[in-house]
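The values are calculated or read from the model by the stated rules, or taken from the named source; none is laboratory data. Just so it is clear, the model here is predicted, and its values are computed rather than measured. Note: ideal-geometry Cβ built from the backbone for every residue, glycine included; neighbour counts use all protein chains shown. These area figures cover heavy atoms from the full protein model, side chains too; ligands, DNA and RNA do not enter into them. Shrake-Rupley method; radii C 1.70, N 1.55, O 1.52, S 1.80 Å.
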Amino acid sequence: MLTERELNRALLARQLLLARRKLDVPAAIEKLCALQAQWPQSPYIALWTRLEGFRKEQLTRALERHDVVKATLFRITLHMTSARDYPYYAATVLPAARETTPRVTAEQLERLSQRVRAAAMKEPVTHEQVEALTADELGERWRWRTRTLTPLVHMPPGGTWSHYGRVQLRAMEAVLEVELPTRDDGAERLVRRYLSSFGPATQQDLLRFAGVRVRDVRAGLERVELRRFRDARGRLLLDVPDAPLPDGDTPAPVRFLPKWDSSLLAYAPAERTRILPEKFRSVVIAKNGDVAPTVLVDGFVAAIWNVKRTRLTIEPLRKLTRGERDAIDDEGERLVSFVSE
């Protein structure tokens, strides 16, 4: 059985939040599974808080070289992944999302997928152009599902620190010069990466994070060697062998997490207490799905932060000791320097 603090420390260790590491950007993102990327600055801050000496240009350069890609992926939301992992994730996640589109047949989806892929292989396209290609059959109601029809990656400057303009998309095969692996191979990579990054976790946590069904990852669950634990409520937790399981009393430094950080979203809502106390959940995660930027103190969310220009504001969610506040201020100064550089 694993206690809540032991699960917390396991998450922090795997998410590189116990100590900053010296890793190149693609390798770091692989250790983290993926980075949530709706807010342009989120992936940059997520890497800054986890990597030793990280600079913005390192991620920008990785995007320009296509060593890292930004795309619609888990839960039909924006993520960054390594170029090595993206085809495997897409092979499992995108078909699962397509197949749950109501009142559209498999034959229609296949035809639309081929149409969008052919257009995006020739030249960059916009979301509006993709929607126009499928409007007659999907209509306005399901237009967001067009982003799952075929693997499309955002072309730089899309994904970079200050880019808010219209996004240009290209077919994965044209950019990365690889084909999709099989769905079973994709499921195996997804299960392994997810548990390495967020385990021990329940099967439902995995499904919720990826936005898939049991059948979509069954091959991965069967192929990957698993060890099993129970939490304090008796629920079955899955994990990969040899992944870190630090003691629950392991010291955890103050860390600033960006908006939509995956550490808070990698689990079903009832499981998020390993990092997000239940009494703070409605404050941190809004009804519309927005996730506030947070401060971890002793490994758990204890405050919300915001930076405007060079001014950092902290909104405590519980009473902070003088020592905790000093540690937040020290780390906050480093964050402001990073954001403003």
Next item on the list: If a/c stays under 1.5 just call it rounded; otherwise compare a/b with b/c (prolate if a/b is bigger, oblate if not). Do that for region 80-121, with a ≥ b ≥ c from the square roots of the Cα gyration tensor eigenvalues.
Entry: oblate
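With a cut-off of at most 11 other beta carbons within 10 Å, and DSSP calling the residue loop, which trypsin sites (Lys or Arg not before Pro) in region 174-283 qualify? Please list them. Present the calculation step by step, with values, prior to reporting the outcome.
Details: sites: Arg183, Arg189, Arg192, Arg193, Arg208, Arg213, Arg215, Arg218, Arg223, Arg227, Arg228, Arg230, Arg233, Arg235, Arg255, Lys259, Arg272, Arg274, Lys279, Arg281; in loops: Arg213, Arg233, Arg235, Lys259.
Counting only loop positions with at most 11 other Cβ atoms within 10 Å, the trypsin sites (Lys or Arg not before Pro) in region 174-283 are Arg233.
How high is the FRET efficiency between Arg325 and Glu64 when r is their beta carbon distance and R₀ equals 51 Å, given to the nearest 0.05?
On the way: r = 40 Å, r/R0 = 0.78.
After rounding to 0.05, the efficiency reads 0.80.
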Item checked: Rounded to 10°, Cα long-axis angle of helix 183-198 versus longest principal axis of the chain -> 10
Item checked: Spacing of the two label points (7 Å from each Cα toward its C-beta) at Glu278 and Ser337, in nm -> 4.1
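Could you check how much of the accessible area of the chain is carbon and sulfur, as a whole percent, using a 1.4 Å probe? Provide the component values of the computation, followed by the final result.
Working: 7270 of 15250 Å².
Here it works out to 48 percent.
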Next item on the list: With a 1.4 Å probe and every protein chain left in place, work out the accessible area per residue of the chain in Å², rounded to a whole number.
Entry: 45
Margin query: Kirkwood hydrodynamic radius, region 16-94, all distinct C-alpha pairs: what's the number in Å?
Written below: 12.5
Note to self: With bins 5 Å wide starting at 0, give me the P(r) of region 53-164 over every alpha carbon pair, in whole percents.
What the structure shows: 2, 11, 21, 22, 20, 11, 7, 3, 1, 0, 0
Margin query: Quick check: residue separation of Glu225 and Asn306 times 0.36 nm, minus the Cα distance between them. What number comes out in nm?
Written below: 25.0 nm
Item checked: Rg followed by Dmax, in Å, when region 210-341 is reduced to its Cα trace -> 17.6, 51
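Taking every pair of distinct Cα atoms and averaging 1/r, then inverting, what Kirkwood hydrodynamic radius in Å comes out for region 138-202? Please list the in-between numbers first.
Details: mean 1/r = 0.0677 Å⁻¹.
That comes to 14.8 Å for region 138-202.
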Check: By how many nm would the segment from Arg141 to Arg218 lengthen if fully extended, with 0.36 nm per residue of separation less the alpha-carbon distance?
Finding: 24.7 nm
Item checked: Principal axes of the chain: Cα extent on each, largest first, Å -> 61, 47, 36
Next item on the list: Name the lysines eligible as straight-distance cross-link partners of Lys259: C-alpha to C-alpha under 26 Å, and not fewer than 8 places from it in the same chain.
Entry: Lys22, Lys31, Lys56, Lys70, Lys279, Lys287, Lys308, Lys319
Notebook entry, point to check: Which residue fluctuates the most in the chain, going by a Gaussian network model with Cα springs under 10 Å, if the choices are Met121, Met155, Met172?
Noted result: Met121
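Under a point-charge model restricted to the Cβ atoms of Lys and Arg (+1) and Asp and Glu (-1), what is the dipole moment magnitude of the chain relative to its Cα centre, in debye to the nearest 20? Please report the intermediate quantities before stating the final value.
Numbers: 56 positive and 46 negative charges, 125 e Å.
The dipole of the chain has a size of about 600 debye.
Given contacts defined as C-alpha pairs under 8 Å and at least six residues apart, what's the relative contact order of region 264-337, whole-number percent?
Values: 67 pairs, mean separation 14.0, N = 74.
It rounds to 19 percent for region 264-337.
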Note to self: In whole Hz and in residue order, list the ³J(HN,Hα) couplings for region 33-45 that follow from phi through the Karplus curve 6.51 cos²θ - 1.76 cosθ + 1.60, θ = phi - 60°; x for Gly and Pro.
What the structure shows: 6, 6, 10, 5, 9, 5, 8, x, 7, 4, x, 5, 5
